[in-house]
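The values are calculated or read from the model by the stated rules, or taken from the named source; none is laboratory data. These numbers were taken from a predicted model, which means no experiment stands behind them. When we count neighbours, we look across all protein chains shown, and the Cβ atoms used for this are built from the backbone with ideal geometry, even at glycine.
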Amino acid sequence: MNPSFQCGYVALVGKPNTGKSTLMNALVGEKLSITAHRPQTTRHQILGIKTTEQYQCIFVDTPGIHQDQKKAINRYMNRAATSVLDDVDLICLLLDVRHFNGDDLQVLKKIEHLQNVILVLNKMDQIQKTDLLPLMQRISLLRPGLDIVPVSALKQENLEQLMVQIQKRLPQGIPQFPDDQLTDKPMRFIVAEIIREKLFRTLTQELPYSITVNVEHYKTESDLVRISASIWVERKSQKGIVIGKQGALLKKIGVEARADIERLVDSKVYLQLWVKVREDWSDDERSLSAFGYSNE
């Protein structure tokens, strides 16, 4: 073992829709967290493990920290996002350069007592370079002494410089995971997230926020992976919307999800989807626990 080997946990935090999942996927080099052009897509902590000869960096993708505490699922996501802050070796706070506002200031306030922080200005490809420097100067006044790294997670711009800054702060230590392991999540979880991503990208307005996915059957055969999953909604009226006219929308979601799953498992996949109703599951602690939303 290399005596100078480094290993540490790095939390990716920020308000919703700052690109945390896109950044983790880009840094790890594999799609582990789902993404969509909508806030609050990520609901759980997800580990992404990047291992080289010099270090093992264990990224923790977190849900967006937000102010809405009305629903039980929102309270769960905030706990999932903030519970890691005092336990990781480094925090990368993502800020969307297009929309730096009061919500970002609230997140900055939550970590004002911490010094192991890098400020990551994401989506730099979407603003003029002449606007970037004044924003960096403004933010540096809010948290003097912290390094600020502008990146584009989507375009994979300046990620090497970010990794240089991250590696500098990793402690020495032995790897926590095998060098070929990319995440701590089981395949059932990843499959459910892939299906949920297709729902987020296909359905309109607020409906995706009322949906969760549970994989009930996952079996690997010699030349096929058989999967059965339930899509849970909160209203009977939502069930028809998800299924679509003559089942067209559900079929579309199934086709897109199956293609992603086949790439991931490198095998043919038989995917069966069912749509079921559990009234107000997202505001019911017992239902949340049954669907795997637990902060324990």
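Taking residues in segment 1-18 that are under 18 Å from Ile49 (Cα atoms), and partners anywhere that are in a strand (DSSP E or B) and of a type in the set (D, E, K, R), the pairs with Cβ atoms closer than 8 Å and at least 6 places apart or on different chains are Leu12/Asp61.
Take the conditions more than 24 Å from Thr35 (Cβ to Cβ), touching a helix residue (DSSP H, G or I) at 6+ places or on another chain (Cβ under 7 Å) and crowded, with 19+ Cβ neighbours inside 10 Å and apply them to Tyr76. Does it pass?
no
When segment 198-207 is limited to residues that are modelled with pLDDT under 90 and within 16 Å of the chain's Cα centre (by Cα), the one that is surrounded by the most Cβ atoms within 10 Å (Cβ to Cβ) turns out to be Phe200. Do you know which residues across segment 214-239 are more than 11 Å from Leu273 (Cα to Cα), of a type in the set (S, T, N, Q) and either surrounded by 14 or more Cβ atoms within 10 Å (Cβ to Cβ) or in contact (Cβ under 8 Å) with a residue 12 or more places away in the chain (or both)? Those that are more than 11 Å from Leu273 (Cα to Cα), of a type in the set (S, T, N, Q) and either surrounded by 14 or more Cβ atoms within 10 Å (Cβ to Cβ) or in contact (Cβ under 8 Å) with a residue 12 or more places away in the chain (or both): Thr220, Gln238.
For every residue, the table says whether it meets (1) of a type in the set (Lys, Arg); (2) within 14 Å of Leu203 (Cβ to Cβ); (3) over 25 Å from the mean Cα position of the chain (by Cα).
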site	(1), (2), (3)
Arg258	yes, no, no
Arg263	yes, no, no
Asp266	no, no, no
Leu271	no, no, no
Trp274	no, no, no
Glu279	no, no, yes
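If we scan segment 85-101, do we find a residue that is farther than 30 Å from Leu132 by Cα and assigned to a strand (DSSP E or B)? Within segment 85-101, not a single residue is farther than 30 Å from Leu132 by Cα and assigned to a strand (DSSP E or B). Considering only residues in segment 121-173 that are assigned to a loop (DSSP other than H, G, I, E, B) and under 22 Å from the mean Cα position of the chain (by Cα), the one that is nearest to Val10 (Cα to Cα) turns out to be Leu170. Restricting segment 110-137 to residues that are over 21 Å from Pro16 (Cα atoms) and among the charged types (D, E, K, R) leaves a set whose member that is surrounded by the fewest Cβ atoms within 10 Å (Cβ to Cβ) is Lys129. Give me a count of the residues in segment 168-211 that are over 23 Å from Gly292 (Cβ atoms) and of a type in the set (A, V, I, L, M, F, W, C). Going through segment 168-211 one residue at a time, the tally reaches 2. Number of residues in segment 3-18 that are surrounded by fewer than 22 Cβ atoms within 10 Å (Cβ to Cβ) and in contact with a Leu (Cβ under 6 Å, 6 or more places away or on another chain): the value is 2. Candidates are the residues of segment 50-73 that are touching a helix residue (DSSP H, G or I) at 6+ places or on another chain (Cβ under 7 Å) and not in a loop (DSSP other than H, G, I, E, B); the one that is surrounded by the most Cβ atoms within 10 Å (Cβ to Cβ) is Phe59.
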